[in-house]
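No lab work stands behind these numbers, since they all come straight from the coordinates. No experiment lies behind these values; they were computed from the predicted model shown. Please note: Cβ atoms are built from the backbone with ideal geometry, for glycine as well, and neighbour counts cover all protein chains shown.
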Amino acid sequence: MKKKNLVILILLLGIVLLSNGCATTNNQRYFSGELIAPDPSNPFQGTWTTNILTNSFVHVINGMKGEMYWYTSTDHNWHKRDSYTIIPNNDGFITSNNWQISVTKTNDGDILTVDKIQYKRYK
């Protein structure tokens with residue numbers, strides 16, 4: 001009987017965690033700040049997004065100036081984390097706060113990499 005109760009408890013926990021994860025993908029999670037359109041002459045420019053666990057992260061880059069925001073599932077709000085400037089560094093680029101930054105073109109669209117974290121263009 002104890003094994004059966006343990007299995008039921010694990011299943012219930014799984015359902016709660018799954019439904020909680022689905023609930024965080026609602027419209028509140030979509031970036032609510034200013035969206036910057038891509039510029040064909042500047043691969044960095046645009047609005048970029050990624051999700052890590054239950055948080056979303058967005059880089060908004062206009063010209064060579066960027067801002068990073070994050071959305072927390074605990075308070076359901078967007079928070080500005082950093083502002084930076086993109087500057088040339090050796091054979092690549094770096095931000096004014098020392099993050100390596102690059103854009104790679106793929107068949108699925110452009111990928112922004114900031115300190116090994118990849119972001120897709122926000123649509």
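As an equivalent ellipsoid, region 38-123 spans semi-axes of 21, 15, 12 angstrom, where each value is the square root of five times an eigenvalue of the C-alpha gyration tensor, largest first. Which lysines, on any chain, are close to LYS123 with Cα under 29 Å apart, when same-chain ones fewer than 8 places away are left out? By straight Cα distance, LYS123 reaches LYS65, LYS80, LYS105. Ranked by the mean number of other Cβ atoms within 10 Å of their residues, highest first, the peptides 70-76, 60-66, 40-46 fall in the order 60-66, 40-46, 70-76.
Remark on ILE36: its backbone amide H falls under 5 Å from those of THR47, a criterion applied only to residues 5 or more positions apart or on other chains, H modelled at 1.01 Å from N.
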